[in-house]
Ligand SMILES: NC(=O)c1ccc[n+]([C@@H]2O[C@H](COP(=O)([O-])OP(=O)(O)OC[C@H]3O[C@@H](n4cnc5c(N)ncnc54)[C@H](O)[C@@H]3O)[C@@H](O)[C@H]2O)c1
C-alpha cells in the first residue's frame with residue numbers, strides 16, 4: 001500500500017516507518033520536524049517525506065495514497081496543558097482537516113493515533129473496554145476524543161477511519177522520549193541510581209512497547225474493512241496494566257544498585273485505569289502485544305549505557321516540553337510551534 005505517515009520523525013513514527021516498509025508498504029512521511037534532531041545513538045534513516053506543518057498541508061499532498069497513518073500531534077498532557085489552544089489547533093482542528101482532505105482525495109483508510117487517556121478518571125479495578133464512557137482530564141486527551149467524534153461521522157463506504165487508543169508507550173526509539181513513565185524512570189536509575197516516584201505509586205497505568213504499537217498499526221492497515229471500520233481498539237496487553245510502584249520495582253530489578261523512593265509528594269493521581277485489550281486480540285491476532293515492561297526496562301538501560309545518555313540530554317533534548325522551550329529560546333521554533 002502507499003501510506004502517508006504523519007509524525008514520522010517522532011518517537012513512534014521513527015520505529016513505525018521501518019516496520020511498515022518491511023511489511024512491503026511504500027511509506028512517505030509528513031512532519032514539521034520539531035524533534036528531528038532528538039536522536040540517541042546512530043541516526044535513523046527516514047523514509048522520503050514532506051517537511052510541512054499539519055495546519056498547512058495542501059490538498060494535493062494527500063493524492064495518490066491508499067492509507068494515512070496519523071501520528072503527528074503535540075503528544076502529551078503537560079504540553080497540552082501549557083498551550084491548550086495550540087493543542088486544539090494541531091491535535092483537533094488540523095487532524096480533522098487532514099482526514100477530510102484524505103477522504104476527498106480518495107484515501108480509503110485513516111488510522112488515527114488516539115490514547116487510552118481518553119478514559120481519564122475511570123478509576124476502580126474494573127478493566128475498561130472501548131465502550132466505557134470517555135472522561136478526558138486534560139486538553140490533550142480531550143483533543144483526542146473530539147477527533148474520534150468527528151472522524152466517525154466521516155466514515156462511509158469509501159472511507160474507513162480506525163481509532164487506535166494506545167496505552168502509554170515504552171522502549172527504545174532512535175528518536176527517544178524521556179518524558180514517558182518507563183523511559184523516564186530507567187533514565188533516573190541510570191543517571192542518579194534512584195528511581196523517584198512523586199505520586200503515592202498506586203495509580204494504574206497501561207503500558208505498551210513501541211514496537212507492539214507499530215505492529216498493531218501495520219495489522220490495522222491491511223485488516224478486512226468490516227473488522228476495523230469506524231471502530232476503536234485499545235492497543236496494549238493486560239500483562240502491562242501495572243501500578244507506578246510496580247513499574248519502579250521492575251526498573252530497580254533491571255538496574256542493579258538503583259533504589260526506589262516513593263515520595264507521595266504529588267498525592268493521589270486522578271488518572272488511574274486498567275484497560276481491556278481483548279477486542280484488539282480478537283480482531284487483529286497479529287497485533288497481540290508481546291513485550292513486557294521488564295523487556296523494555298532491560299532494553300532501555302542497555303541503550304542508555306551504550307549510547308551514553310547524559311543528564312543534560314535526558315532533561316532537555318529528550319523531554320518534549322523542555323525541547324520546545326529550548327527551540328523557542330534559540331529562535332528555531334516560533335510561538336505557534338512552527339519551525340522558523
Ligand atoms: N508515546 C505515547 O506514549 C503515546 C501514547 C498514546 C498515543 N500517542 C500518540 O501517538 C502519536 C505519536 O506520539 P509520539 O510519542 O511519537 O510523539 P512525538 O512527540 O515523539 O512525535 C510527534 C511528531 O509529530 C510532529 N508534529 C507535531 N506537531 C506538528 C505539526 N503541527 N505539524 C507537523 N508535524 C507535527 C512532531 O514534529 C513529531 O515528530 C501522537 O498522536 C500521540 O498523541 C502516543
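The values are calculated or read from the model by the stated rules, or taken from the named source; none is laboratory data. None of the values given here were measured: they were computed from a predicted structure. All Cβ positions, glycine included, derive from the backbone under ideal geometry; neighbour counts span all protein chains shown.
When region 188-217 is filtered for residues that are more than 23 Å from residue 128 (Cβ to Cβ) and within 15 Å of the ligand (Cβ to nearest atom), the ones remaining, listed by number, are 211, 214. Selection over region 37-51 of residues that are within 20 Å of the chain's Cα centre (by Cα) and surrounded by 15 or more Cβ atoms within 10 Å (Cβ to Cβ) gives a count of 7. Just one of (1) at pLDDT 95 or above; (2) more than 21 Å from residue 3 (Cβ to Cβ); (3) more than 18 Å from the chain's Cα centre (by Cα) fails for residue 92. It is (3). Among the residues examined, residue 33 qualifies as within 12 Å of the ligand (Cβ to nearest atom), closer than 18 Å to residue 337 by Cβ and not in a helix (DSSP H, G or I). Could you grab me the full set of residues in region 54-87 that are over 19 Å from residue 213 (Cα atoms) and in contact with a strand residue (DSSP E or B) (Cβ under 8 Å, 6 or more places away or on another chain)? Correct list: 54, 57, 61, 62, 64, 65, 66. For region 120-148, the set of residues classified as crowded, with 18+ Cβ neighbours inside 10 Å, modelled with pLDDT of 95 or more and assigned to a loop (DSSP other than H, G, I, E, B) consists of 130 only. The number of residues in region 91-119 being within 14 Å of the ligand (Cβ to nearest atom) and either closer than 30 Å to residue 240 by Cα or part of a loop (DSSP other than H, G, I, E, B) (or both) comes to 13.
The single condition among (1) surrounded by 19 or more Cβ atoms within 10 Å (Cβ to Cβ); (2) modelled with pLDDT of 95 or more; (3) out of contact with any helix residue (DSSP H, G or I) (no Cβ under 6 Å at 6 or more places or on another chain) that residue 250 does not satisfy is (3).
Restricting region 314-333 to residues that are part of a helix (DSSP H, G or I), within 16 Å of the ligand (Cβ to nearest atom) and within 20 Å of the chain's Cα centre (by Cα) leaves a set whose member that is nearest to residue 251 (Cα to Cα) is 314. Could you check, for region 9-18, whether at least one of its residues is at pLDDT 95 or above, surrounded by fewer than 17 Cβ atoms within 10 Å (Cβ to Cβ), within 12 Å of the ligand (Cβ to nearest atom) and part of a loop (DSSP other than H, G, I, E, B)? Within region 9-18 (the criterion being at pLDDT 95 or above, surrounded by fewer than 17 Cβ atoms within 10 Å (Cβ to Cβ), within 12 Å of the ligand (Cβ to nearest atom) and part of a loop (DSSP other than H, G, I, E, B)), the answer is no, since none of the residues qualifies. None of 221, 176, 182, 151 is out of contact with any helix residue (DSSP H, G or I) (no Cβ under 6 Å at 6 or more places or on another chain) and either crowded, with 23+ Cβ neighbours inside 10 Å or part of a strand (DSSP E or B) (or both) except 176. How many of the residues in region 19-28 are assigned to a strand (DSSP E or B) and crowded, with 22+ Cβ neighbours inside 10 Å? The number of residues fulfilling the criteria is 1.
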